[in-house]
Amino acid sequence: MYRNDFSRREYLAAVGTVGLAGVAGCSGNNDRDAEETDETPTESTGTQTSSNSDEPGTDNDIETVSIVAGYPVQTANGTEYRNTRLVTQEDITEISSVQNPQNSRPYVRVTLTESAAREYRITLIEKGFTAEGIQNCRWQQNPEDPGWCLYTVVDGERRSAATMTTSLATTLENADAFINNPTFRITMPTVDETRQIRRALAGDSQ
């Protein structure tokens, strides 16, 4: 059962990141990042993919990017899926240049404000991501019952997803370890899309 009530930090909606086009996870070290699932679509979603796609002023410029936690809850009506918005542009203090590893998808690494990091951590623990949610995102395989997924949402559309790893869960459970280094990756299918994500998050035309 799905609901669509919206607020600043939490909204209920049909869950459809971590089986999207990318990955969102938190960590200062690569081996602690949330993992991409093998459910990532590769089709275009309307963002421009030509060589000049990250120039300012294009019709398909990305305007909003957020990281959303999707998870099941038990209610009187059975299992419902809820989404909590964890991170938006204003929650970010630093963003890296676009990284394009040879054997994986391109990404940017962002750093959260202290208040956003604390809320991110608390929410993921409270919603079960560091317990039953570990390695338990199956959105593409079963969109009606996707489990615990971290979504990258671009202009209102889910574009990437990541599953909680054991190492990341351990980091989140250790408040000091995460709060002292609150960074995570946002991974997209193409370099052009990743550049647009970066520009939207940075609020400029870099």
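The values are calculated or read from the model by the stated rules, or taken from the named source; none is laboratory data. Remember, it's a predicted structure, so these values are computed and weren't measured experimentally. With ideal geometry, Cβ positions are generated from the backbone for all residues, glycine too; neighbour counts draw on all protein chains shown.
A few notes on this one:
- Beta carbons closer than 9 Å, at least 6 apart along the sequence or on distinct chains, pair a first residue in the range 178-204 that is farther than 23 Å from Thr163 by Cβ with a second that is among the acidic types (Asp, Glu) and surrounded by fewer than 21 Cβ atoms within 10 Å (Cβ to Cβ) for Gln196/Asp61; Arg199/Asp61; Ala200/Asp61; Ala200/Glu63; Ala200/Asp155.
- Top-ranked residue in the range 148-177 [being touching a Lys or Arg at 6+ places or on another chain (Cβ under 9 Å) and part of a loop (DSSP other than H, G, I, E, B); ranked as surrounded by the most Cβ atoms within 10 Å (Cβ to Cβ)]: Trp148
- Looking across the range 183-205, just one residue is more than 14 Å from Ile92 (Cβ to Cβ) and surrounded by fewer than 15 Cβ atoms within 10 Å (Cβ to Cβ), and that is Ser205.
- Just one of the listed residues (Asn180, Asn136) is surrounded by fewer than 24 Cβ atoms within 10 Å (Cβ to Cβ) and either under 20 Å from Ala117 (Cα atoms) or hydroxyl-bearing (Ser, Thr, Tyr) (or both), and it is Asn180.
- Condition met for Ala161 (of a type in the set (A, V, I, L, M), out of contact with any helix residue (DSSP H, G or I) (no Cβ under 6 Å at 6 or more places or on another chain) and farther than 18 Å from Ile67 by Cβ): no
- Within the range 141-152, the set of residues being under 20 Å from Thr194 (Cα atoms) and at pLDDT below 90 comprises Thr152 only.
- Being in a helix (DSSP H, G or I) and surrounded by 21 or more Cβ atoms within 10 Å (Cβ to Cβ) is a condition met by no residue of the range 98-109.
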